[in-house]
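Bear in mind these aren't lab numbers, they're just calculated from the coordinates by the rules spelled out. What you are looking at is a predicted structure, and each value in this text was computed from that prediction instead of being measured. Neighbour counts are summed over all protein chains in view; Cβ atoms, including those assigned to glycine, are modelled from backbone coordinates with ideal geometry.
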Amino acid sequence: MKTLGILGPKGTHSEEAALWLKKHSREDFKLEICADIFDVLTAVKERKLDAGLVPVENSLEGSINITLDTLARSDTLTIARELVWQVKNFLMTRPNVKSVEKIFSHAQPLAQCRKFIHKNFPNAEIISTTSTARAAELVDESSAAICTERAGKLNGLTIASKDIQDNPNNFTRFFEITYRSRDAKPIETFDGDKVLIICQIDGSRAGSLCDVLTEFAKRNVNMTRIESRPARTILGAYIFFFELETDAGDDALKESIRAVYDKSIWLKNLGAFPVIQA
């Protein structure tokens with residue numbers, strides 16, 4: 001049976017997304033709980049897990065850096081598919097709680113619910129945890145957690161307020177990461193909705209990024225996302241992540257990626273993958 005790693009403990013948004021994927025894809029896979037995102041990706045890289053479902057970007061708070069950095073530095077990890085998940089945050093407490101002196105949650109939900117917290121609990125101590133599920137485990141009679149409904153119920157909590165995120169357009173993109181052999185054939189076709197390429201270009205040369213972007217534009221390859229991360233070599237050196245739509249066709253994609261490769265210090269093509277809207 002396929003094993004799929006997720007960020008634990010039980011009750012995280014990652015688990016909710018994985019359970020939805022299992023139900024709607026009708027795949028029979030076993031969920032494996034991992035302590036953090038890096039552990040998920042490492043287990044896939046070491047062939048201890050068949051795949052891992054990890055967050056890559058939140059629409060309000062931006063990129064998940066550990067996911068991007070690990071993909072950039074691995075030559076065996078690739079993307080099987082993307083899942084777009086709508087995030088719903090709940091304020092959960094013990095039954096009959098009288099006052100909330102502390103609020104536990106992961107850093108991202110705390111940021112997503114900043115206005116709600118300021119308006120309703122201006123004097124509460126805010127404590128960041130490793131996950132929303134861990135936050136639910138820490139709640140006592142004078143505290144609350146911002147977490148998923150499932151995490152709260154798993155820990156005997158009740159709903160104090162629901163859908164408390166400041167912005168209703170709160171979505172997290174997950175990548176299902178799998179192993180790809182170093183000896184696999186070069187990618188020549190792009191059967192999917194999007195392509196991810198990662199490269200490092202010479203930032204010391206004026207116009208180098210513009211030159212790269214032109215290679216996509218002149219072949220009508222639409223770029224849906226660009227992200228930069230430090231190369232961790234010297235100050236001012238950056239790695240770029242380009243997500244491209246596949247509508248322009250295989251030839252246009254191959255030609256543009258080949259042209260960008262020629263203008264890069266190095267380039268990795270992770271291939272095409274489908275996008276699923278939960």
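Couple of notes before you dig in:
- Set of the range 175-195 residues, backbone N closer than 15 Å to the point 7 Å along the Cα-Cβ line of residue 275: 175-176, 191-195
- Estimated inter-spin distance, residue 191 and residue 25, nm [label 7 Å along Cα→Cβ]: 1.6 nm
- Unsatisfied cross-links (Cα-Cα over 27 Å) in the set 22/88; 23/254; 88/115; 23/162: 23/254
- Under DSSP loop assignment and at most 16 Cβ neighbours within 10 Å, longest GluC sites (Glu not before Pro)-free interval of the chain: 189-278
- Relative to the Cα centre, the charge distribution of the chain, modelled as +1 at Lys and Arg Cβ and -1 at Asp and Glu Cβ, gives a dipole magnitude of about 420 debye.
- All aspartates and glutamates inside 20 Å of residue 30 as judged from Cα atoms, apart from same-chain residues fewer than 8 positions distant: 15, 16, 39, 46, 50, 82, 176
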